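Take a look at the structure set out below.
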Amino acid sequence: MFNIHSVRKDFPVLDEVIYLDNGATTQTPVPAVNAMNDYFLKYAANHGRGAHRLARQTTDNYEDARDRIADFLNTAPENTVLTKNASESINMVALGLNWEAGDHVITTLVEHHSNLLPWMRLREKGVDVTIVGSDSEGCIDPKDVDAAITERTKLVSVNHVSNVFGSIRDVEKITHIAQKSGAMVLVDGSQSAGHMAVDVNKIGCDFFATPGHKGMLGPQGTGILCIKDPDVLEPTYVGGGTVHAVTTESYELEPSPSKFEAGTPNIPGVIGLGRAVEYVQEIGVEDIEKHEKDLASYAAKCLAEIEGVEVYGPEDRAGVVPFNVEGMNPHDVAMILDETRKICVRSGYHCAMPSVEMLGVEGTVRASFALYNTEEEVDSLVEGVEQITMLA
Ligand SMILES: Cc1ncc(COP(=O)(O)O)c(C=O)c1O
């Protein structure tokens, strides 16, 4: 197991606050910030657009970052498209597949809005959308996905880990079920990549979308879309960087991934993400997964023991613990935790209104963990919540 005290030195803000809002975005380690500084201060230029030394170094470092990200997710660089976030990655699939009226998409009730709205909007094109329900702990039964498949099902889109409940899906099984019937599968790995070992090749999904700014510890403004067969998808944007030859009559696109990356990309962000992924690899993603799961189980158990606190989600959970204090608005709980103990947690609907409304509440408080959180921080959260119950 890694040495948490030396890890914490790479995240100086942790000396100031207890940061338990990792489901929204994580902190970025010093080596990744240094890699971005080096880009700005030592060799900044554009990507793929010049013969001079700075352009060459920029292009090499950007492509090295892509190679590392692809290796981390166990896919190939040509199948690894760099985007600005998971929402963009998912929308690229919704906008880039060739939809016909009567096509069918399956998603679930327990999705982030970014994995619901892009499919719901397809209804305007005559696409049917089925939203499979979940149990009260946010778990999806793959049999329910199987039962929803029709001969027109073109895509099944599910998250790997719920950002509301921390429940973990058997995405390998769901992929197998869907592909058996000829449907494609998109896995939204926003809450899994970097928090647990993810092997895109083994999952077998057609698309895997994730931000770079959550478990992979990269900066905001980075995301990834892994595409198994780049030929099935039209690029959402075209322009500089995507094209091999142009006349005034026609153009010939570059192969993947370039054809999906129009314009100047987030070069410093991607270089920072590459270094962040290397950092995660050095620590070991299996150990990170165990650490975060242990913290989440401990937090869920201790919070559930407090009278007047309800904890949601399954026992076997990733590092996400949602709860409510009876008689208190979740935003007030979050504000008090911040004001009294500098604890940063998320409150509200977590961009997933249907999932939260299923609980019959108007929001939850969510503590979500990363590799750098400690048991002492959980103890402080539990003490803080206990004190709040006395105010309720
Ligand atoms: C499960 C899930 N999907 C999608 C997203 C959207 O990610 P991004 O903000 O990077 O687009 C999030 C963000 O919290 C998420 O938790």
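The values are calculated or read from the model by the stated rules, or taken from the named source; none is laboratory data. Note that the structure is predicted; figures quoted are calculated from it, not measured. Backbone-built Cβ (ideal geometry, glycine too); neighbour counts: all protein chains shown. Quick note on the areas: whole protein, heavy atoms, side chains included, nothing else; ligands and nucleic acids left out. Shrake-Rupley method; radii C 1.70, N 1.55, O 1.52, S 1.80 Å.
Can you tell me which residue among Leu109, Leu95 is closer than 20 Å to Arg169 by Cα, modelled with pLDDT of 95 or more, open to solvent by 10 Å² or more (accessible area, probe 1.4 Å) and more than 16 Å from the chain's Cα centre (by Cα)? Criteria check complete, one pass: Leu109. Quick one: would you say Ile131 is more than 11 Å from the ligand (Cβ to nearest atom), open to solvent by 10 Å² or more (accessible area, probe 1.4 Å), over 25 Å from Phe72 (Cα atoms) and touching a strand residue (DSSP E or B) at 6+ places or on another chain (Cβ under 9 Å)? Yes; evaluated as a whole, the condition is true for this residue.
For region 1-21, the set of residues classified as closer than 19 Å to Glu278 by Cα and touching a residue at least 24 places away in the same chain (Cβ under 8 Å) consists of Met1, Phe2, Ile4, Val7, Arg8, Asp10, Phe11, listed by residue number. For region 173-199, the tally of residues that are within 22 Å of Lys214 (Cα to Cα) and away from the ligand (no atom under 16 Å from the Cβ) stands at 2.
Looking only at region 330-341, decide whether some residue is touching a Cys at 6+ places or on another chain (Cβ under 9 Å), outside any strand (DSSP E or B) and open to solvent by less than 40 Å² (accessible area, probe 1.4 Å). Reasoning before the result, please.
Our first condition is that a residue be touching a Cys at 6+ places or on another chain (Cβ under 9 Å); within region 330-341, this holds for 334, 337-338.
Filter once more, so that each one left must be outside any strand (DSSP E or B): 334, 337-338.
After this cut, where a residue has to be open to solvent by less than 40 Å² (accessible area, probe 1.4 Å) as well, the list is 334, 337.
Yes - at least one qualifying residue is present in region 330-341.
Identify the single condition in (1) surrounded by fewer than 21 Cβ atoms within 10 Å (Cβ to Cβ); (2) touching a residue at least 40 places away in the same chain (Cβ under 8 Å); (3) over 29 Å from Ala262 (Cβ atoms) that Val33 does not satisfy, given that it satisfies every other one. Status for Val33: all satisfied but (3). Scoring Tyr279 on the criteria (1) exposed (fewer than 15 other Cβ atoms within 10 Å of the Cβ); (2) hydroxyl-bearing (Ser, Thr, Tyr); (3) not in a loop (DSSP other than H, G, I, E, B) leaves a single failure, condition (1).
Taking residues in region 315-328 that are buried (at least 21 other Cβ atoms within 10 Å of the Cβ), and partners anywhere that are of a type in the set (Asp, Glu) and in a loop (DSSP other than H, G, I, E, B), the pairs with Cβ atoms closer than 9 Å and at least 6 places apart or on different chains are Arg317/Glu137. Applying the criterion of at least 2 residues that are more than 18 Å from Pro77 (Cβ to Cβ) and in contact (Cβ under 8 Å) with a residue 24 or more places away in the chain to the strands (runs of 3 or more DSSP E) found wholly in region 158-276 leaves 184-188.
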